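These notes are about the structure you will find just below.
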Amino acid sequence: MLYLVAALLVLLLVFGPQAWVRSQMARHAAARTDLPGTGGELARHLLDRFQLGAVSVETTESGDHYDPEARAVRLSRDNHDGRSITAVAVAAHEVAHAIQHAQGSSLLAARSMLARSLFVIDKVAMVVMITAPLVAAVTHVPALGLMQFGLAIALLGIGLVVHLVTLPLELDASFGKALPILAGDGYLDQRDIPAARGVLRAAALTYVAGALVGVLNFLRILRIIR
């Protein structure tokens, strides 16, 4: 019974935030004909306003994000073409990342560098982990296998570092930049600010949900090793 309760708590901790993020986005995604433009149009306007004309606005099937290498704000089709609180808030959030890039954010640079190498690092970590018993058996030096396990764990831990670096970036994008722009510069009526704040909170915490999944996977690997 205790194991069942513990398992349910873990599932709630990991997947609860993801469900909450989706519900917040969907809650304010209804079309609003009174808004002056779509998410894509607002993104283009804000980029031009902040003298970031070289940054493009594109649609994507891989989730809303800012690509610092391509210098592109990428929005899902619903948010790019949508005229809703969710669409404009998400667009402002992603433009905020472009502003961070233009301001020379060291955290954004660190996250981009780590994220680019994360796929390769994960593959190397798995190879190191899988071959550790073989190396120990062939060399008859168990310490080498233990060293490989330690190296693999350290490499897998880099993914957690990426999430830790990401959180302050996301919070700044939502509440340090996007919300003041939407609220203070009159892009949204004051009655819509609470809804926009909810969407921006969800946009910032999307990566927290991802981090919790990463932690769970990391702990699962440690358990297998042990």
When you look at Ile99, is it among the hydrophobic types (A, V, I, L, M, F, W, C) and over 20 Å from Arg201 (Cβ atoms), yes or no? no
May I ask you to say which residue of Gly157, Gly150 is surrounded by fewer than 16 Cβ atoms within 10 Å (Cβ to Cβ), part of a helix (DSSP H, G or I) and in contact (Cβ under 8 Å) with a residue 60 or more places away in the chain? Gly157
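So, of the residues in segment 210-226 that are over 21 Å from the mean Cα position of the chain (by Cα) and among the β-branched types (Val, Ile, Thr), which turns out to be modelled with the highest pLDDT? Walk me through it before giving the result.
Of all residues in segment 210-226, those over 21 Å from the mean Cα position of the chain (by Cα) come to 220-226.
Going one step further and asking which of them are among the β-branched types (Val, Ile, Thr), we end up with 221, 224-225.
Working: Ile221: 60, Ile224: 57, Ile225: 54.
Here the answer is Ile221.
Going through segment 28-63 one residue at a time, which ones are of a type in the set (S, T, N, Q) and either under 17 Å from the mean Cα position of the chain (by Cα) or within 17 Å of Val199 (Cβ to Cβ) (or both)? Let's see the steps before the verdict.
Pass one, segment 28-63, residues of a type in the set (S, T, N, Q): 33, 38, 51, 56, 59-60, 62.
Result: Thr38, Thr60, Ser62.
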Residues of segment 56-92 being touching a helix residue (DSSP H, G or I) at 6+ places or on another chain (Cβ under 6 Å), assigned to a helix (DSSP H, G or I) and more than 24 Å from Met113 (Cα to Cα), in sequence order, are Asn79, His80, Ile85, Thr86, Ala87, Val88, Ala89
Of the residues in segment 160-170, those that are of a type outside the set (Val, Ile, Thr) and surrounded by 15 or more Cβ atoms within 10 Å (Cβ to Cβ) number 4
Quick one: in segment 151-198, of everything that is under 24 Å from Ser117 (Cβ atoms) and small (Gly, Ala, Ser), which residue is farthest from the chain's Cα centre (by Cα)? Ala152
Just checking, which of Ser105, Ser84 is within 17 Å of the chain's Cα centre (by Cα) and surrounded by 14 or more Cβ atoms within 10 Å (Cβ to Cβ)? Ser105
Hey, any hits in segment 64-78 for a residue that's at pLDDT 95 or above, within 21 Å of Arg197 (Cβ to Cβ) and either surrounded by fewer than 19 Cβ atoms within 10 Å (Cβ to Cβ) or in contact with a Pro (Cβ under 6 Å, 6 or more places away or on another chain) (or both)? yes
Has segment 110-121 got any residue that is under 19 Å from the mean Cα position of the chain (by Cα), closer than 17 Å to Lys177 by Cβ and in contact (Cβ under 8 Å) with a residue 60 or more places away in the chain? no
With modelled with pLDDT under 75 and either under 25 Å from His101 (Cβ atoms) or buried (at least 21 other Cβ atoms within 10 Å of the Cβ) (or both) as the only criterion, which of Tyr187, Tyr207 stands out? Tyr207
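For (1) under 24 Å from Ala92 (Cβ atoms); (2) acidic (Asp, Glu); (3) surrounded by fewer than 13 Cβ atoms within 10 Å (Cβ to Cβ); (4) at pLDDT 95 or above, each residue gets a yes or a no:
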site	(1), (2), (3), (4)
Leu4	no, no, yes, no
Ala7	no, no, yes, no
Pro36	yes, no, yes, no
Arg44	yes, no, no, yes
Gly53	yes, no, yes, yes
Ser56	yes, no, no, yes
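The values are calculated or read from the model by the stated rules, or taken from the named source; none is laboratory data. Values in this document were obtained by computation on a predicted structure and should not be read as measured data. All Cβ positions, even for glycine, are placed from backbone atoms using ideal geometry, and neighbour counts span all protein chains on display.
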